[in-house]
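**Student:** Dropping a structure here in structure tokens format, bear with me for questions.
The values are calculated or read from the model by the stated rules, or taken from the named source; none is laboratory data. Please read these numbers as outputs of a predicted model, since none were measured by experiment. Quick reminder, even Gly has a Cβ in these numbers, built from the backbone with ideal geometry, and neighbours come from all protein chains shown. Just so you know, the surface numbers come from the protein's heavy atoms only, side chains and all, with ligands and any DNA or RNA stripped out. Shrake-Rupley method; radii C 1.70, N 1.55, O 1.52, S 1.80 Å.
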Amino acid sequence: LAYSESRRVSVEKGGGVEAETWSSNQRFWRSRDQRCTKNNRYFRTVRGPGVRGFAVQEFDPDFLKSLLENPDSPFDDPRNRKRKDSRSSTVVELNVPTPSGLRTMIFKRFRVTKRSDGLANLFRPSPTLRSWRFGHGLPDRGLPTPRPWLVFHRRRYGLSWEGYLLCEKIEEARELQDRVRESTPSARGDLIDRLARLIRRLHQSGLSHRDLKASNLL
């Protein structure tokens, strides 16, 4: 409407410009979604004994090598705080050297729960790889999320099995259910409105969360 008034064109034409702009944005976002799985100025492919994946370019090479050589060691280290340990995954916090100094990050191991998982990963992105792509694709769409630094899978018989994902920890973040318990009724209404707008924007961007629950919203 503002465009139509300023350019003295019909509302219909202004709406057409908006629709074409949105379509152009979606094409641009989709074209960038593959950047994080290629070698370029931002990302690189990585390999280790029986593992293969991708990392951001600024990853410390010595720390990266140690993770690729023994991916399960952080989960056995008592110095690392364990956040989750279930049939499907294990999550710990660990300190990672970065160009700006040590930083606490979240390291997650996606377990293989079915024998068919490796074969299924031939035909669709694994949950680990989806998390990596979403972690870099959401900020491009103006949707904030922790930035992933590393992703890789154990490889056997040409198939991807257990997955590993390292991403930034958002300090002082609280899960949605904790925020709701602390909020007044009017503040809860504001949270509902903000959440609805966020999900609408997610879906308008052509993305689906696939595990939308309060504990996954910070």
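**Student:** Between Gln204 and Ser88, with labels modelled 7 Å along Cα→Cβ, what's the label distance in nm to one decimal, could you check?
**Tutor:** Distance between label points: 3.0 nm.
**Student:** Let me ask another. From the C-alpha coordinates alone, can you work out the Kirkwood hydrodynamic radius of the range 98-218, in Å?
**Tutor:** 16.5 Å
**Student:** Carbon and sulfur atoms: what percent of the 1.4 Å accessible area of the chain do they account for?
**Tutor:** Details: 6930 of 13890 Å².
Result for the chain: 50 percent of the exposed heavy-atom area is carbon or sulfur.
**Student:** Among Ser215, Ser186, Asn25, whose Cα sits farthest toward the positive end of the charge dipole of the chain (+1 at Cβ of Lys/Arg, -1 at Cβ of Asp/Glu, about the Cα centre)?
**Tutor:** The residue sitting most towards the positive pole is Asn25.
**Student:** Let me ask another. Where the only charges are on Cβ atoms (+1 Lys, Arg; -1 Asp, Glu), what is the dipole of the chain about its Cα centre, to the nearest 20 debye?
**Tutor:** Magnitude of the dipole: close to 700 debye.
**Student:** Then there is this: Please state the relative contact order of the chain as a whole percent: Cα pairs under 8 Å, 6+ residues apart?
**Tutor:** Values: 274 pairs, mean separation 34.6, N = 218.
Answer for the chain is 16 percent.
**Student:** Could you calculate the contour length gain from Asn80 to Ala187, that is, 0.36 nm times the residue separation minus the distance between their Cα atoms, to one decimal place in nm?
**Tutor:** Taking Asn80 through Ala187 to full extension adds about 35.0 nm, to one decimal.
**Student:** Calculate the spin-label point distance for Tyr157 paired with Asn70, positioning each point 7 Å from the Cα along the beta-carbon direction, and give it in nanometres.
**Tutor:** Label at Asn70, label at Tyr157, 2.9 nm between them.
**Student:** Roughly how many Å² is the accessible area per residue of the range 167-218, as a whole number, for a 1.4 Å probe?
**Tutor:** 75 Å²
**Student:** Size of the chain along its principal axes in angstrom, Cα-based, largest extent first?
**Tutor:** Cα extents, longest axis first: 64, 44, 40 Å.
**Student:** Treating only the Cβ atoms of Lys and Arg (+1) and Asp and Glu (-1) as charged, compute the dipole magnitude of the range 48-108 about its Cα centre; round to the nearest 20 debye. Can you show the working numbers first?
**Tutor:** Values: 10 positive and 9 negative charges, 70 e Å.
Around 340 debye, computed over the range 48-108.
**Student:** May I pose another question? Counting Lys and Arg as +1 and Asp and Glu as -1, what is the net charge of the other residues whose Cβ lies under 11 Å from the Cβ of Thr45?
**Tutor:** Within the 11 Å Cβ shell, the charges total +4.
**Student:** State, to one decimal in nm, how far the label point of Asn25 lies from the label point of Thr37, with both points 7 Å from Cα in the Cβ direction.
**Tutor:** Placing both labels 7 Å beyond Cα along the Cβ direction yields 2.5 nm.
**Student:** Same structure, new question: Quick one: which residues, 5+ away or cross-chain, put their amide H under 5 Å from the amide H of Thr98? H built at 1.01 Å from N.
**Tutor:** Arg103
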